[in-house]
Amino acid sequence: MTNEDEVRERPGPGNLDVSWHAGWPSAKHDPAPEIQVHGYDDHTVILRQNKSVHYEAPFMFLLFGAERALLLDTGATEEERYFPLRSTVDGLVADWLERHPQALGRGRYELLVAHTHGHGDHVAGDGQFAGRPGTTVVGREQAEVVEAFGLKDWPEGLGELDLGGRVLDLIPGPGHQQAGLVFHDRNTGLLFTGDSFYPGLLYVQDAAAFSATVDRLLAFCEANPVTHILGCHIEMTTTPGEEYPRGTTYQPDEPPLQLTVSQLRTLRAVLDAAEGRPGSYPGDDFTVLIGG
């Protein structure tokens with residue numbers, strides 16, 4: 001069996017039985033590392049920035065294929081001395097290659113750095129990867145995303161990204177931010193929605209574009225297996241309809257990160273009721289802020 005076959009045929013669900021570190025009462029004395037690392041499976045790693053480093057505490061995702069790895073988002077902090085993303089990713093890549101040496105038989109193992117969207121708390125660490133051998137960093141603007149992934153019919157149509165035995169579907173997702181892009185991993189069924197859908201405050205910049213994105217995602221989910229929907233933040237509490245205030249650096253009562261297709265349908269219903277009108281529309285698992 002080739003390494004490519006090993007990635008493609010990886011069976012079974014991944015592990016989301018994890019307690020995410022959600023800051024500390026005293027940020028200056030937080031004993032946890034700057035980045036929490038959780039192995040979803042042997043080829044998929046979920047990372048979370050510590051809220052004691054930056055209150056946004058975004059999630060990032062590292063996906064390994066037989067030919068290259070994909071890092072989705074680079075967090076909210078630029079300097080590696082405060083946020084060691086580059087060294088963390090380098091260590092994870094080295095560990096994966098040690099377990100899967102066949103990947104090196106193809107030559108230099110590459111890293112692609114891309115984004116769920118172009119807001120600062122998802123692209124701040126890009127500079128840490130400047131000059132890294134075998135690394136491509138996709139720009140944050142819509143034109144750069146379209147060019148990098150060949151999405152000529154933006155925002156319609158789908159794209160594909162092959163990591164080597166691991167293909168991701170690319171779904172244009174503007175509305176929260178114009179360069180939003182949703183990634184679907186065919187191997188795991190994970191749908192990475194960035195800030196378009198997560199347990200928190202869903203800021204809608206363009207109501208019509210956001211509504212079309214939700215329709216596009218629902219249509220995709222009807223036709224393709226989706227195991228979990230993973231956004232990039234947790235901002236809700238475990239009390240239905242109650243979120244933490246913006247800027248909170250300690251969230252001891254968080255719900256899970258993962259959402260479901262059923263909850264995505266609930267988002268569609270909330271948007272239908274809102275009819276594009278600016279305002280706040282709370283739900284049990286998220287709050288939609290149109291024009292916020």
Inset, instruction - Could you run through the range 68-121 and say how many residues are in contact with a strand residue (DSSP E or B) (Cβ under 7 Å, 6 or more places away or on another chain) and either outside any loop (DSSP other than H, G, I, E, B) or within 14 Å of H43 (Cβ to Cβ) (or both)? - result: 17
Inset, instruction - Could you tell me whether G200 is open to solvent by less than 60 Å² (accessible area, probe 1.4 Å), within 27 Å of Q36 (Cβ to Cβ) and of a type in the set (G, A, S)? - result: yes
Inset, instruction - All but one of (1) more than 18 Å from the chain's Cα centre (by Cα); (2) open to solvent by 30 Å² or more (accessible area, probe 1.4 Å); (3) not basic (K, R) hold for W96, so report the exception by its number. - result: (2)
Inset, instruction - Please state which of the following conditions S52 fails to meet, knowing it meets all the rest: (1) farther than 26 Å from Y250 by Cβ; (2) in contact (Cβ under 8 Å) with a residue 24 or more places away in the chain; (3) open to solvent by 20 Å² or more (accessible area, probe 1.4 Å); (4) not aromatic (F, W, Y). - result: (1)
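This table checks each residue for (1) open to solvent by less than 10 Å² (accessible area, probe 1.4 Å); (2) of a type in the set (A, V, I, L, M, F, W, C); (3) in contact (Cβ under 8 Å) with a residue 40 or more places away in the chain.
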{"residue": "D121", "(1), (2), (3)": "no, no, yes"}
{"residue": "Q128", "(1), (2), (3)": "no, no, yes"}
{"residue": "T136", "(1), (2), (3)": "no, no, no"}
{"residue": "D162", "(1), (2), (3)": "no, no, yes"}
{"residue": "G165", "(1), (2), (3)": "yes, no, yes"}
{"residue": "D185", "(1), (2), (3)": "yes, no, yes"}
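The values are calculated or read from the model by the stated rules, or taken from the named source; none is laboratory data. Computed from a predicted structure; not experimentally measured. All Cβ positions, even for glycine, are placed from backbone atoms using ideal geometry, and neighbour counts span all protein chains on display. Please note that ligands, DNA and RNA were not included when accessible areas were found on the heavy atoms of the full protein model with its side chains. Shrake-Rupley method; radii C 1.70, N 1.55, O 1.52, S 1.80 Å.
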